[in-house]
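Throughout, read-outs are computed from the coordinates displayed, never taken from laboratory work. Remember, it's a predicted structure, so these values are computed and weren't measured experimentally. No Cβ is skipped: glycine too gets one built from the backbone with ideal geometry, and neighbour counts run over all protein chains shown.
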Amino acid sequence: MMSTRKKILVIDDDEAVFGYLQTKIGCLYDLVTTTEAGLAVDLAVRVEPDLILCDIDMPDINGGELSVKFRECEYTRHIPFAYLTSFVSPREVRDLRGNVGGRHGIAKATPAPEMIEMIEQLLQ
Amino acid sequence: MAVVAGGLSLAVTMAVTRDRAETNSARELGELLDTVESTVQIACFVEDQALAAEVVRGMLKNSKVLGVAIRANNRELASRYRASPGAADTAESSEFVSSAADGRLVRSVASPFDPAQIVGEIVLDPDPAAISRRVADDAQFVGLLLGAQWLVIGGGLLVLVLLNVVRPIKVISDRLHRMDAEVGERLSPPAGQEGTEIGRLVGDINTLASRLVVAIGHATEQTRQLQEAKGQVDAQARQLEAKNAALARAMQVQEEVERIARHDLKTPLNSIAAIPALLRRNRQPDEAEEALLSMIESSARRVLRMVSLSLDLFRMEEGSYAFSPKAFDIAALVRGVTRELAEEARAKAVDFRIGGSEPPVFVRAEETLCYSILANLLKNAVEAAPEGTTVDVSVEAGDPVRLRLHNDGAVPLPVRASFFEKYATYGKSRGTGLGTYSARLMARVQHGELTMETSETAGTTLDLELLPLPEWDVPREEPGAGPVVPTASPGAGETVPALHILLVDDDPDNMLIMKLFLPSPPLEVETAVNGREAVEACRVRRPDVVFMDLEMPVMGGFEALKRIRELQAERGEAPSRIVAFSAHDDEASRRRSVAAGFDLHLSKPSSQNEILALLAGSGFRSRSADVVPEVLPETTVWVDEDLFEAIPGFLESRRALAALLRQSLRAGDRESLRQLAHKLKGSFGMYGFKWAAQICRELEDKHRSADLKLLALQVDALDQHLAHVKVRPRAQGRDVSH
């Protein structure tokens, strides 16, 4: 039987973030994670996620550059994309109405229920 | 199976038929030979060779089966027939063939007159191909016949099975599909099948159906009962949750009320405690007056300390106490406390003996907390020590720094097990049972530990462990005897510049005390009872320093600060130094004040010394941004219970990152420092380590501009935090994981 769970690709250079997400939202979504930002677009093409969550501050290629790459690739440009970042606090995200640097943004410190709510909105 | 059996039977039949045909063929050949022999004998008898030859030839002519040769012993007779067609005369050969080894049949011919005389022989040469063909034809015919019979019989059987087995079963199956067993419907056997196996099968199905209906009935009833029970349990759980929530709210309200009450007590107590010093300034009191003044002073300060401590204990218990360690000499503190208790000890003829490492022994702790711990434990020790004995105190430097307090008395048996528990007390009419409990709490909040061993023979030993001060932080200049207890004497000798001071406070007692604290001249002191008046006063004349209470009617301190800053910025005036002067002395309040733009957060009560020192310039810098941030880590971090298992691994990986942070710092690589601090900040924020996240945020924010030493202090604090933090699981609501 085909899984009805949505698939989320998470890109971050800190594996602790994956551990947190796996605990908090792993029961609701299939998480595909990578610390290799440079390979993220290829991975997205292969796994066809329903949503991409991407850190901004990463050593080799930053989230902004990566978001452009996702947009340029014809196989990934339709996939909803959001930054998952600690550059902004949950309150700042609210003040910015969820818009961080022209893309959707979720603060890393967002409590799990709110984070799930935001993800659900993005998945719609 | 039937096909295999049919095929097998066919094969066997054909083999048998073939054998039989071959036997028949051999028998016919024999008979033919007999006939030929008789004819030849007759021909010999009448001596008519021509007839004999003709008869034989004629008989054999029609047979395509056999070739025949007649051999005569008489060469003359033989030569006559040599040219006869259809027969091979082998009379030329003098040798007789006497066997049928090559498939030929040979029969000797005797003379009719003398049976002993063999006159020749007849040789039959069968044609095997022709014989085989005949045999095969026969076998094939029989096979075909048998196959046809099989077909007829099989077809018949099939029809029988269809009519008597398949059709009734189909009928039963259709009825079974339509049957609703739960309303009592049952199967009836197909017509004519009542007494057969099929009829019995229908009976069995009906019995089974009845049993199933009963079983399903039971199961449904049980499910319903279970659901009912679950409903009841859920309802009870909801009620309990509601009660819990109500209780929690009630407790919260109670705690809040108590906290406010305690907090509000501090302001008037502070005024009371300050009055004796002010009175002494104006006039030298006589002995009796001095005794009374000292009593007021010490009592007020004791109550103040109790109130402060109870506020701190409350924070420690709920895990929100912000540990604010500083370097100080614990050995000096021990000496100070023993001096204070000297009178009491003398009354009991108890001596103090202090030993251990050479002073100073620096610790990284809070002096007031350590003072409370030591005062409490040493007082207990004096009380418990038998008269005429010694209370030993040893201070051992090392990691951790170890303080050992020993007296010869034993802890009474009933309280040994509960020695450190809250409200555990024994034999003291005024004991609250908080002393040892709070001492241990205070030790732990400083990342230390307090343990006790006692026995009737060895007496009682208390071990206090505290964090050592890292080697590089040990002050080069030896500090003084150490500020053991707050001193009431005003600070003499501080040169206070002529400054214009604005005091803003709605409490007239506070205002009075402060005014008396501030010598005028050289200071020029102005007052305002709320924020609005303060702004107006600033409009009229720019003060050099403003002491601003935070909570005031009409306009609070934060709003007033904002307006004064705006006003002075508009006018191009140098900004006044504005000090938040508040009874709130917790870390959150401190941070809030500095974040709002106050130059300093000063907590009430403050001694005249502190205030004058501040105004004299020592310890008061122009902008808060330059002030070394106070590092006050959380001691206990509450994390969501589902994350709890992952915490050891998480902390391990964070320590590794913190080590990299230190490396970057040593290398002066500020960008790498920023990246690591950012990474740590994000993960700490996620897992609920708010203090650590805040420190990393500061590191990230200041990575470019701040002094590396200052950053190093913060990295130190982070290290300490990660090494000592206690993590506890916090129960969560249901919404997260469902």
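Scaling against 2.2 N^0.38 Å puts the C-alpha radius of gyration of the range B:324-473 at 1.00. Per-residue packing, averaged as other Cβ atoms within 10 Å, sorts the ranges B:593-604, B:640-651 into the order B:593-604, B:640-651, beginning with the highest. Of the trypsin sites (Lys or Arg not before Pro) in the range B:295-382, the ones in a loop by DSSP (not H, G, I, E or B) with at most 16 other beta carbons within 10 Å are B:348. Taking one quarter of the surface of the convex hull spanned by the alpha-carbon atoms of chain A gives a direction-averaged projected area of 7.3 nm². Counts of other chain beta carbons within 10 angstrom of each beta carbon in peptide A:18-29 average 4. Distance from the alpha carbon centroid of the range B:553-579 to that of the range B:351-425 works out to 49 angstrom.
Separation of the range B:306-333 and the range B:131-146, taken as the distance between their Cα centroids, equals 118 angstrom. Taking amide H positions as modeled 1.01 Å from N, with prolines and chain starts lacking one, the residues under 5 Å from residue B:354 and 5 or more places away or on another chain are B:393.
Global size of the range B:213-358: 30.2, 105 Å for Rg and Dmax (C-alpha atoms, Rg to one decimal, Dmax whole). The H on the amide N of residue B:730, modeled in the peptide plane, is under 5 Å from the matching H of B:639, B:640, B:641, each at least 5 residues off or on a different chain. The HN-Hα couplings worked out from phi for the range B:564-571 by the Karplus form 6.51 cos²θ - 1.76 cosθ + 1.60 (θ = phi - 60°) are 5, 4, 4, 4, 5, 5, 4, 7 Hz, whole numbers, x standing for Gly and Pro.
Could you tell me the center-to-center distance, by alpha carbons, between the range A:4-21 and the range B:1-42 in angstrom? Cα centroid to Cα centroid, the span is 90 Å. Take each residue of peptide B:139-150, count the partner chain Cβ atoms within 10 Å of its Cβ, and average: the result is 0. Treating r as the C-beta distance of residue B:716 and residue B:251 and R0 as 41 Å, the FRET efficiency rounds to 0.65. Taking amide H as placed 1.01 Å from N in the peptide plane, the amide H of residue A:84 sits under 5 Å from that of A:54, A:55, A:56, A:106, each at least 5 places away or on another chain. Taking packing as the residue-averaged number of other Cβ atoms within 10 angstrom, the listed peptides B:660-670, B:24-34 run from highest to lowest as B:660-670, B:24-34. Packing, taken as the mean count of other beta carbons within 10 Å per residue, orders the peptides B:608-616, A:86-94 from highest to lowest as B:608-616, A:86-94. Rg and Dmax, both from the Cα atoms of the range B:500-626 and both in Å, are 13.2, 36. The mean number of Cβ atoms from other chains found within 10 Å of a Cβ in peptide A:104-111 is 3, as a whole number. When the listed pairs A:108/B:681; B:515/B:562; B:266/B:515; B:379/B:422; B:326/B:562; B:326/B:709 are checked against a 21 Å cut-off, the alpha-carbon distance exceeds it for B:515/B:562; B:326/B:562. Each residue of the range B:190-197 was assigned a 3J(HN,Hα) from its phi angle through the Karplus curve 6.51 cos²θ - 1.76 cosθ + 1.60 (θ = phi - 60°); the sequence is x, 4, x, 10, 4, x, 8, 4 Hz, with glycine and proline shown as x.
Remark: C-alpha extents of the range B:636-730 on the principal axes read 38, 19, 18 Å, sorted largest to smallest.
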